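A short worksheet on the structure shown next.
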Amino acid sequence: MPAQSLDQIVSLCKRRGFIFPGSEIYGGLQGTFDYGPLGVELKNNLKQLWWRHNVYERDDIDGIDSAILMNPLVWRYSGHEETFVDRMVDCRTCQGRFRADKLGEAQCLKHPRLCPGQCEGELTEPRPFNMMFKTQVGPVADEGSFAYLRPETAQGMFVNFRNVLDSTGRKLPFGLAQIGRAFRNEITPRNFLFRVREFEQMEIEYFVRPEEAAACHEQWIQDHFNWWIEEVGLRREHLQLYEVPDEERAHYSVRTVDIFYKYPIGWEELEGIANRTDFDLGSHTRDQEQFQITARVPKNVHSNQRLVYFDQATNRHLIPFVIEPSAGVDRGVLAILCEAYDEETLPNGERRVVLRLKPALAPIKAAVLPLKKNTPEIVAMARAIERDLKRGGDLRVVYDDTAGIGKLYRRQDEIGTPFCITVDFQSLQDRTVTVRDRDTMQQERVAIGALGTYLRERI
Ligand code: ATP
């Protein structure tokens, strides 16, 4: 039985050390979460899969890691100062503040069973609220010393367009990939990891000739839709594409298609894939009037560079279009946990929770378990196997002898460990162990010397 509600996932995450509420000992800080020992492994594995697919397995994308703090002019000319807003309403009765377009998802502060507007409370007219966090840079707090915490990683890639071009000599089409933190002062953070104020994004800015942008956009949509299924392991029937209508699209986009996942809270966005046109490179470019920019960009830009590409075929400069696949790491982790969660009753009547994670994503790849912890030879052999498997540095392997074997299996099932290796009396005689498969619970005898290959082949 899959997860019926987000509460089951939240409870498993807390109990087993995947994810904790941020600053919990002081009552928390809304919209923040901390990844625990297992959560950090799962999140890193997801990021690695993404990086491998988008950077290592292609020859047209390079990585970048740009600063979170940027000159505030970046956010002026990117359009975020003016348009990165949600519309907000206040309740004159309970003093709550709510996102105007999500009233149906919010709770009245006085009557939590009701949505704002359904209670006796009187709501104000909607007004814009800018979601960028401000901070102070340097020791003097004055007008000119503020900076924003970036609300998207994308701008770090646009402002480095020339640097990358000059240092790599790339030819169109090519792209940049970045994984990093983004911050949004969401009016109502909610639904666990789904809507938080500090999160990570995995973004690509793919630069193409304007006339190739529409077809290229289509390819990225298909590529990433398939990636979530084939490599991450989300079910096809839990994913759908959503054509974002004009009124919901960001200011820079002529077309955006979202990949929606069927979370226990309903169908919601996991990744957005936008055609950002020449808006961003165009709006950060000096001497704009010399180039044909199709997007309506801010004028009188103060940048000191031309973010343009010299096209040898036509002997002219052009401003490339940009296709941007942008996924949330935390929404990915949440989708993976929801997808993998399963509760089942075994033939002997016992119930187990099992996380059916793809082995490549599992925080722990194998657990080495001695059948008898008071038999020194068995313990020594189990410890030696653990040491040996860890030697390559590519497998997270643990040793556990703190309970009976049945309980140890259940523990590993619940955190998604695909293989349990049990050392028993027979192991002492013939140097074989049992390897138990998490999903089928079938056991197989494998020679100790062949264990490394056995596991790596299956992971
Ligand atoms: P939404 O409409 O749900 O607020 P968005 O369309 O504003 O999302 P984008 O600007 O397209 O989101 O950001 C790209 C990705 O970053 C999203 O697909 C999502 O996975 C992630 N993301 C955006 N906002 C948040 C948030 N507050 N918490 C967690 N992840 C987020």
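The values are calculated or read from the model by the stated rules, or taken from the named source; none is laboratory data. Predicted model, so just to flag it, every value in this text is computed and none were measured. Cβ coordinates were reconstructed from backbone atoms using ideal geometry, including for glycine residues, and neighbour counts include every protein chain displayed.
Please go through region 174-199 and give me each residue that is of a type in the set (D, E, K, R) and surrounded by fewer than 21 Cβ atoms within 10 Å (Cβ to Cβ), ordered by number. Listed by number, the residues that qualify are Arg181, Glu186, Arg190, Arg197, Glu198. When region 251-264 is filtered for residues that are at pLDDT 95 or above and either under 18 Å from the mean Cα position of the chain (by Cα) or over 18 Å from Cys216 (Cα atoms) (or both), the ones remaining, listed by number, are Val257, Asp258, Ile259, Phe260, Tyr261, Lys262, Tyr263, Pro264. Determine, yes or no, whether Arg352 is assigned to a strand (DSSP E or B) and basic (Lys, Arg). For Arg352, the condition - assigned to a strand (DSSP E or B) and basic (Lys, Arg) - is met. Within the option set Arg150, Arg197, Arg170, Arg184, being closer than 18 Å to Arg58 by Cα and either basic (Lys, Arg) or near the ligand (Cβ under 9 Å from one of its atoms) (or both) holds for one residue only, Arg170. Inspection of region 293-303 identifies at least one residue that is closer than 22 Å to Arg170 by Cα and either away from the ligand (no atom under 16 Å from the Cβ) or part of a strand (DSSP E or B) (or both).
Contact map, region 111-139: residues that are of a type in the set (Lys, Arg) paired with residues that are modelled with pLDDT of 90 or more and surrounded by fewer than 16 Cβ atoms within 10 Å (Cβ to Cβ), Cβ distance under 7 Å, separation 6+ or inter-chain. Pairs shown: Arg127/Arg87; Lys134/Phe146.
Inside region 302-342, can you point out the residues that are among the charged types (D, E, K, R) and under 16 Å from Lys262 (Cα atoms)? So that I can check it myself, show each step before the final result.
First, the residues of region 302-342 that are among the charged types (D, E, K, R): 306, 311, 316, 324, 330-331, 339, 342.
Scanning region 302-342 gives Asp330, Arg331, Glu339, Asp342.
Summed over region 72-106, residues that are out of contact with any strand residue (DSSP E or B) (no Cβ under 9 Å at 6 or more places or on another chain) and not hydroxyl-bearing (Ser, Thr, Tyr) total 6.
In region 205-283, counting only strands (runs of 3 or more DSSP E) that sit wholly within it, none holds 2 or more residues that are more than 14 Å from the ligand (Cβ to nearest atom), of a type in the set (D, E, K, R) and in contact with a Cys (Cβ under 6 Å, 6 or more places away or on another chain). If Ala335 satisfies every condition in (1) within 16 Å of the ligand (Cβ to nearest atom); (2) free of Cβ contacts under 8 Å to residues at least 12 places away in the same chain but one, which is the exception? Condition not satisfied by Ala335: (2).
In region 305-326, how many residues are away from the ligand (no atom under 16 Å from the Cβ) and either in a helix (DSSP H, G or I) or within 34 Å of the chain's Cα centre (by Cα) (or both)? Steps first, please.
Step one: filter region 305-326 for residues away from the ligand (no atom under 16 Å from the Cβ), giving 305-321.
From what's left, either in a helix (DSSP H, G or I) or within 34 Å of the chain's Cα centre (by Cα) (or both): 305-309, 318-321.
Summing the residues that are away from the ligand (no atom under 16 Å from the Cβ) and either in a helix (DSSP H, G or I) or within 34 Å of the chain's Cα centre (by Cα) (or both) in region 305-326 gives 9.
The strands (runs of 3 or more DSSP E) found wholly in region 381-459 and carrying at least 1 residues that are closer than 24 Å to Gln8 by Cβ and in contact (Cβ under 8 Å) with a residue 40 or more places away in the chain occupy 419-423. For Val333, are the conditions met, namely being part of a helix (DSSP H, G or I), aliphatic (A, V, I, L, M) and over 25 Å from Arg76 (Cβ atoms)? Judged against the criteria, Val333 is a match. Would you point out which residue out of Leu346, Leu361 is at pLDDT below 95 and of a type in the set (A, V, I, L, M)? Result of the check over Leu346, Leu361: Leu346.
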